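Reading through the structure tokens given below for one structure.
Every read-out reported here was derived from the displayed coordinates using simple, explicitly stated rules and does not represent laboratory data. Here the structure is a predicted model, which means the values were calculated and not measured. Backbone-built Cβ (ideal geometry, glycine too); neighbour counts: all protein chains shown.
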């Protein structure tokens, strides 16, 4: 992987990881139309915050050496795209949830796409991971 691309991936992993750790809760609290499902579901919110904060910690760790964490990067990318897709269908079907088209749906799709584009293609020795 060229050095510039490796730096872009490392930066993306660090930024996305920190946002997952520290940014999801404030977005849910201050922009509920784009980040919370209605009616308010505290149990769901705690679960999703726990999952994303945990993923965020591991993305920050992966930012140190992305080649060692290719599977995690691909998981974060594909799970973000799947999550965005499912939420988009649900928001389309429920008119009260259309605010998600301006909030978490595009953000998760962008995160997934960026990580897929920047993900290491193979390990440094040339073999697939």
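Expressed as an acute angle from 0 to 90° and rounded to the nearest 10, what is the orientation of the C-alpha long axis of helix 42-62 relative to the principal long axis of the chain?
Its long axis makes an angle of about 10 degrees.
Report relative contact order for the chain in percent, whole number only (criteria: Cα-Cα under 8 Å, sequence separation at least 6). Please report the intermediate quantities before stating the final value.
Details: 150 pairs, mean separation 42.1, N = 129.
Taking the mean separation of contacting Cα pairs over the length of the chain, I get 33 percent.
What does the extension gain come out to for residue 89 and residue 65, with contour length at 0.36 nm per residue minus their alpha carbon separation? Could the numbers behind the result be given before it?
Details: separation 24, 0.36 × 24 = 8.64 nm, distance 3.52 nm.
Working it through step by step, the gained length comes to 5.1 nm.
Kindly identify region 1-72 as rounded, prolate or oblate by the Cα gyration tensor criterion: order the square roots of the eigenvalues as a ≥ b ≥ c, call it rounded if a/c is under 1.5, otherwise compare a/b with b/c, prolate if a/b is larger, else oblate. Spell out each step's value before the answer.
Details: a/c = 3.64, a/b = 2.40, b/c = 1.51.
Prolate.
Evaluate the distance, in nm, between pseudo-label points positioned 7 Å from the Cα of residue 31 and of residue 53 along their respective Cα→Cβ axes.
Inter-label distance under the simple model: 2.1 nm.
What is the helix-to-structure angle for 3-22, meaning the angle in degrees between its Cα long axis and the longest Cα principal axis of the chain, kept from 0 to 90 and rounded to the nearest 10?
30
Among (i) 15.2, 48; (ii) 15.6, 51; (iii) 16.5, 54, find the value of Rg and Dmax of the Cα atoms in Å that was calculated from the structure presented, and write down its label.
Identified label for the calculated read-out: (ii).
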